[in-house]
Amino acid sequence: MPNPDRRRLLAAAGALLIAPLAAHAAPPPLRVVALEYNLVEMLLALGLTPVGVADLKGYRRWVGLGQQTLSGCVSVGTRQQPSLEAIAALRPDLILGVDFRHQPLLPLLSRLAPTRLQASDRTGNGLALMRQDFRQLAVWTGRSQAAESELARLDDCLSRLRGQLGPSAKQRMGVLQGLGGSPQFWAFAGNSLAGGVVDALGWQNAWPARDARQGIVTLTVEDLLDSTASLTAVTDPRADFTRGALWQRVPAVAEARLRRLPADTWLFGGPWSARRLAERLATAWAPAAHAICSGAVSP
C-alpha cells in the first residue's frame, strides 16, 4: 500500500528543488528604453509602451504608428547621441539599440541596464529579416505569443492584397525615397523591408540584390533612363524629387508607370510599417485594394 507520508515528503522535496529555479527566472521587462524608431514600433506592436524613446519628436513625425500611446514617454536625446543621464533617470530594466549606431556606447549603456543591440547589414529577404528581428525582440521582452499574432495579421493582409493586385503585379517594381534636396535618392534592395514587401505582393523587385548595405542602393535619375521597371516614390509633394525635367525621360514616368506615396511612409520599420506600406502600394496600383485589410494600421 502506498505510504501517504512518503508521498507528501517527496512532493515537499520537489517543491524545494523547483523553488530556486523559479526564483532565478527573470520577470519580463516592463521599463524599456528604445533608441531606434523600428524598435519603438515593434514594442508597441507587442503591446509594450517604452518609458523612453530616442528622438520622440522624430518618431511621431516620420513613423507615427501608435503615437497616441506615447504620451507618457520621455525623450532620451537623439538616436545618434542618446542621453545617458536621461536614460539613467528612468531606471530601465532593458535598453534596446542597433549595432550600427550604438555599439560604441554598449559598455556605458550596459552599466545602466541590460542592453540588447539589433543586428544590421544582413543578407536575405528583407521581410523575413524583419520577422526575425521582431521575434527576437519578443523573446527579449517575453511576448512571443503577441508577436506570432501580429505576424499572422500581417500575413493575412499580404495575402489579401496580393490577390487583389492579381495580374497587375506581374511586373518589375522599384521603391524609391528622396534625400531632401539631393540629386541622389535611395532605391530599396531585396534585403530591405520595402523590397521584401514588394516580393510578398507578387512583384519582382527592380533591385533584387539581398546583400546591399542596410538594404539601400544610392542612385541618380541618370541610372533610371534605361530602366523598364515601374516605380513607386515616397516623396513630399512640396519637394518632389521626381518632378525634374530629366525625370520626364525615365520610361516609367513617360509611360505613366510612376506612383507616389506620402512622406510618412516609413520604410525601415516593423510589422505595422510593413502592413501600411503594403496597403499603400496596393492601393496606389489597384485602387480597389483600399482598406481591404481588416484592422488597418493608422497613427
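So here's what we get for this one:
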{"quantity": "Among the residues listed as 113, 119, the single one being within 18 Å of residue 38 (Cα to Cα) and small (Gly, Ala, Ser)", "calculated": "119"}
{"quantity": "Tabulated pairs, the range 163-184, first within 21 Å of residue 126 (Cα to Cα), second β-branched (Val, Ile, Thr) and part of a helix (DSSP H, G or I), C-beta under 8 angstrom, 6+ apart or interchain", "calculated": "173/198; 175/198"}
{"quantity": "Tally, over the range 56-74, of residues that are in a loop (DSSP other than H, G, I, E, B) and over 19 Å from residue 31 (Cβ atoms)", "calculated": "3"}
{"quantity": "Matching residues, the range 126-178, being closer than 26 Å to residue 204 by Cβ, among the polar types (S, T, N, Q) and modelled with pLDDT of 95 or more", "calculated": "132, 177"}
{"quantity": "Filtered residue count, the range 141-161, keeping only those that are under 17 Å from the mean Cα position of the chain (by Cα), touching a residue at least 12 places away in the same chain (Cβ under 8 Å) and over 30 Å from residue 31 (Cβ atoms)", "calculated": "2"}
{"quantity": "Only one of 96, 90, 65, 56 that is hydrophobic (A, V, I, L, M, F, W, C) and over 30 Å from residue 262 (Cα atoms)", "calculated": "90"}
{"quantity": "For residue 212: the one exception among (1) more than 15 Å from residue 242 (Cα to Cα); (2) open to solvent by 10 Å² or more (accessible area, probe 1.4 Å); (3) at pLDDT 95 or above; (4) aliphatic (A, V, I, L, M)", "calculated": "(3)"}
{"quantity": "Test: residue in the range 263-271 that is part of a helix (DSSP H, G or I), at pLDDT 95 or above, touching a helix residue (DSSP H, G or I) at 6+ places or on another chain (Cβ under 8 Å) and under 16 Å from residue 159 (Cα atoms)", "calculated": "yes"}
{"quantity": "Hey, residue 200 over 10 Å from residue 173 (Cα atoms) and touching a strand residue (DSSP E or B) at 6+ places or on another chain (Cβ under 7 Å) or not", "calculated": "no"}
{"quantity": "Pairs, first at pLDDT 95 or above in the range 231-245, second among the hydroxyl-bearing types (Ser, Thr, Tyr) and assigned to a loop (DSSP other than H, G, I, E, B), C-beta under 6 Å, six or more apart", "calculated": "233/242; 234/265"}
{"quantity": "Residues of the range 222-253 that turn out to be under 20 Å from residue 189 (Cβ atoms), open to solvent by less than 20 Å² (accessible area, probe 1.4 Å) and not in a strand (DSSP E or B), as a count", "calculated": "6"}
{"quantity": "Any pair with Cβ under 7 angstrom, 6 or more apart, that starts in the range 83-98 at a residue that is farther than 21 Å from residue 118 by Cα and in contact (Cβ under 8 Å) with a residue 40 or more places away in the chain and ends at one that is open to solvent by less than 30 Å² (accessible area, probe 1.4 Å) and outside any loop (DSSP other than H, G, I, E, B)", "calculated": "90/33; 90/52"}
{"quantity": "Residue that is most open to solvent (accessible area, probe 1.4 Å) [pool: residues in the range 75-90 that are small (Gly, Ala, Ser) and part of a strand (DSSP E or B)]", "calculated": "75"}
{"quantity": "Condition check for residue 202: in contact with a helix residue (DSSP H, G or I) (Cβ under 6 Å, 6 or more places away or on another chain), in a loop (DSSP other than H, G, I, E, B) and either more than 21 Å from residue 120 (Cα to Cα) or open to solvent by 10 Å² or more (accessible area, probe 1.4 Å) (or both)", "calculated": "yes"}
{"quantity": "Qualifying position, being over 23 Å from residue 37 (Cβ atoms), of a type outside the set (D, E, K, R), open to solvent by 10 Å² or more (accessible area, probe 1.4 Å) and at pLDDT below 90, among 296, 286, 256", "calculated": "286"}
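The values are calculated or read from the model by the stated rules, or taken from the named source; none is laboratory data. Since this is a predicted model, take the numbers as computed values, not measurements. No Cβ is skipped: glycine too gets one built from the backbone with ideal geometry, and neighbour counts run over all protein chains shown. Heads up: the accessible areas ignore ligands, DNA and RNA and are worked out on the full protein's heavy atoms, side chains in. Shrake-Rupley method; radii C 1.70, N 1.55, O 1.52, S 1.80 Å.
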